[in-house]
Amino acid sequence: MTVLVTGATGNVGRRVVDRLLASGAEVRALTRNPETAGLPAGVEVFGGGLGDAEPLREALDGVDRVFLFPVPESTATFVEQAKAAGVRRVVLLSSLAVEFGEENAIGQRHRLIEQAIEDNGFEWTFVRPGAFATNALAWAESIRSEGAVREPFPGALQAPIHEDDIAAVAVTALLEDGHAGKAYPLTGPELISLADQVRAIGDAIGRDVRFEEETPEQAKARMVAQGTPEAIADTLVGYRATAGQNPAPPVPTVQQVTGRPARTFPEWAADHVGDFS
């Protein structure tokens, strides 16, 4: 069995690669920068992106299953090349935002990819994580340099999910039968406020980390200045506002699919001490 992993150097994709190798699967990876990918020995690395037809065709030759990182602009090229190569199973890294309605900009981008996969005869599974624990890595520089985090809505409650738990569900769906046609919502096991996330990071690294509250307008302006499209920034700030008033409850999907509970945010922070120190 040969599995192609796209987005193989990302937070989730790299964990998918490691888990597939541990299972004994033959693993290929598609990356734009193979020279700096730093992937493990045993991975066959192809240079290119999902929108590059010729490298993609070569990477898909003989592949039965694909872990697909979402790139809306490249979906049509992927579908064409995957069908031609005879790919049978596609596990898509989607988003829980798909379930938030048609007006959600993030959800709509992911739903377009889901529909393309659904409509083209693949044996599909959609992995839909909510808030990623790795979103907290955006605080790493200010924590290292100032011992502070600036965000709105310190009491906003989330159930952030560890990237390795996302990978564990994805690899289960890639390797085992019984997951075709399933869309799996994924969260961490418990709700935790933004302020308590910052506190958990401080506990993990052994330093006091301040939470300095921004206004929603300041947060949006910061995101846009960092390159986030305005519609996405609006959506992200809206998530935080909603989470402060009506937080979405955690779901037990990780345990149901993999047989073990999802990791807590403090466990994630302990795994990432080096990123904040």
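Annotations for the structure displayed:
- Taken together, VAL209, VAL251, VAL224 contain a single residue that is in contact with a Gly (Cβ under 7 Å, 6 or more places away or on another chain) and of a type in the set (A, V, I, L, M), which is VAL209.
- Of all residues in the range 256-269, those satisfying the criterion of being within 24 Å of THR172 (Cβ to Cβ) and either in contact (Cβ under 8 Å) with a residue 24 or more places away in the chain or not in a helix (DSSP H, G or I) (or both) are VAL257, THR258, GLY259, ARG260, PRO261, ALA262, ARG263, THR264, PHE265, GLU267, TRP268.
- When residues in the range 225-253 are screened for being β-branched (Val, Ile, Thr) and at pLDDT 95 or above, 2 of them pass.
- Qualifying residue in the range 108-116 (condition: modelled with pLDDT of 95 or more, over 20 Å from ALA170 (Cα atoms) and assigned to a helix (DSSP H, G or I)): no
- Only listed residue being part of a strand (DSSP E or B) and more than 22 Å from GLY121 (Cβ to Cβ), chosen from ALA41, ALA29: ALA29
- Residue pairs whose Cβ atoms lie under 7 Å apart, separated by 6 or more positions or on different chains, with the first residue in the range 156-168 and touching a residue at least 24 places away in the same chain (Cβ under 8 Å) and buried (at least 24 other Cβ atoms within 10 Å of the Cβ) and the second assigned to a loop (DSSP other than H, G, I, E, B) and among the polar types (S, T, N, Q), are ILE161/THR187.
- Taken over the range 44-73, residues that are without any contact (Cβ under 8 Å) to a residue 40 or more places away in the chain, buried (at least 21 other Cβ atoms within 10 Å of the Cβ) and in a loop (DSSP other than H, G, I, E, B) amount to 0.
- Residue check, ALA85 surrounded by fewer than 17 Cβ atoms within 10 Å (Cβ to Cβ), touching a helix residue (DSSP H, G or I) at 6+ places or on another chain (Cβ under 6 Å) and either closer than 23 Å to PRO250 by Cβ or not polar (S, T, N, Q) (or both): no
Table: residues versus (1) more than 23 Å from VAL16 (Cα to Cα); (2) assigned to a loop (DSSP other than H, G, I, E, B).
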{"residue": "ASN120", "(1), (2)": "yes, yes"}
{"residue": "TRP124", "(1), (2)": "no, no"}
{"residue": "GLY155", "(1), (2)": "yes, yes"}
{"residue": "THR172", "(1), (2)": "no, no"}
{"residue": "HIS179", "(1), (2)": "no, yes"}
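The values are calculated or read from the model by the stated rules, or taken from the named source; none is laboratory data. Just so we're clear, the structure is a prediction, and the values are computed from it rather than from any experiment. Virtual Cβ from ideal backbone geometry, glycine too; neighbours counted across all protein chains shown.
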